[in-house]
Each structure stands twice: as C-alpha cells, then as structure tokens.
Amino acid sequence: MSETITFLQMFSEYAPPEELLTAFSQAAIVAADLDPENRAVSVAIHSESYISIFDIQKAERDIAALYGLRRLELKATHPASAFSKITDEELMHLFVSRNSMARGTLAGAKWQRDGENITIFLAANGKQTLMEHIPSVERELREKFAVPVTITVEAGEALEGKALFEAMESMRSAVMEAMP
C-alpha cells in the first residue's frame, strides 16, 4: 500500500503564493522522474483545484532556483470539471509554445466554447499555421483534463493570389492618398 505524497511534502521549502496555497497543498504527486546527473526533475501532479499554465511555469522557475535544479518540469492534471477554467490566454499559449508565429495569427482572434468544443475565429489569415498544431494541443488538453476536446479554426478573410494582391494594392493606395 503506497502513501499519497502531496506536492508541498515533496517540495517542502517552496511556499506558493497565498492564492495558490490550497491548490498546491492538496495536489498529489502521481509520478516523479529524477535525473541527478543533469539536476533535472520531472513531476506529474493531480490537483482537484485548477492551477493555470502560467502558475505552473512560475512554480517551476521558483522551485528550480530554490533547489538548484537545471530543469524542473511539472505536468498537472485536473478533473474534467476544471476544463471550463482554462483561459483564452492559456489556450493561445499552447499554440505559441509550439510555434511563435501563432502569436500573430491569434492576435484579435475570438474564442468560442461549447462544452469540450473550442472554435477559434481568426481576425485574418493564418489558419494553416494553427492547423498543424491542433492535434498536439488537443492531446495535451485531453491529458490534462481527461475530456474529448476538439478545436476548429475559422479564418477571417482568407485572401490568396490576385485577391490578396488587389487588397494590398488598395490599402497602399489609401495610405498614399492620405499622405500630404
């Protein structure tokens, strides 16, 4: 019979911010992989209280510095009911962490949710930039929340070829006319 070890038992020197104390104090260690030679640690935790991606990253940095680790990777899972708490900014981060060009593509995008279905309405072009990363983002969300997430992307005005050239020419002409 194995005893459950909490996150704060494993990292007893770490004092999380007050707003995260409850989430981290009841988070259970699911698995840990230690690499003493490289001073690297990978830890899987499960928390009934949602911990944002950004709070996980801050904890990784703080704990790594506190314990003299070169690398600490925390992988958190949450119950399906916590899926609704993930923010649009966190969803955007999942794409940007895979491809920095996604930041420009997702600028001004609208996010719509219907249960486990997420639709991203882009303000302009760039659908293809996101499409290749959707399977890995969906997989990460499924692993994190154990829900069958599906992501679809609706592009804005996807201009190509001659239509794109004409739109650019029209914009250039408008700017030139506005100049003294």
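Tabulated data
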{"read-out": "Any chance residue 80 is over 16 Å from the mean Cα position of the chain (by Cα) and open to solvent by 60 Å² or more (accessible area, probe 1.4 Å)", "value": "no"}
{"read-out": "Odd one out for residue 87, checked against (1) under 24 Å from residue 49 (Cβ atoms); (2) open to solvent by less than 30 Å² (accessible area, probe 1.4 Å); (3) among the β-branched types (Val, Ile, Thr)", "value": "(2)"}
{"read-out": "Qualifying residue in the stretch 54-75 (condition: open to solvent by 60 Å² or more (accessible area, probe 1.4 Å) and within 23 Å of residue 135 (Cβ to Cβ))", "value": "yes"}
{"read-out": "Subset of the stretch 11-43 (residues that are touching a Leu at 6+ places or on another chain (Cβ under 8 Å), surrounded by 16 or more Cβ atoms within 10 Å (Cβ to Cβ) and either part of a strand (DSSP E or B) or on the phi > 0 side of the Ramachandran plot (or both))", "value": "41, 43"}
{"read-out": "Among (1) crowded, with 17+ Cβ neighbours inside 10 Å; (2) under 17 Å from the mean Cα position of the chain (by Cα); (3) among the aromatic types (Phe, Trp, Tyr) - the single one residue 111 does not satisfy", "value": "(1)"}
{"read-out": "Among (1) outside any loop (DSSP other than H, G, I, E, B); (2) more than 13 Å from residue 27 (Cβ to Cβ); (3) touching a helix residue (DSSP H, G or I) at 6+ places or on another chain (Cβ under 7 Å); (4) touching a residue at least 24 places away in the same chain (Cβ under 8 Å), the one test that residue 62 misses", "value": "(3)"}
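The values are calculated or read from the model by the stated rules, or taken from the named source; none is laboratory data. A quick note: this is a predicted structure, and the numbers were derived from the prediction, not measured. Note that each Cβ is placed from the backbone with ideal geometry, even for glycine, and that neighbours are counted across all protein chains shown. To get the accessible areas, we keep the full protein, side chains included, count just its heavy atoms, and leave off ligands, DNA and RNA. Shrake-Rupley method; radii C 1.70, N 1.55, O 1.52, S 1.80 Å.
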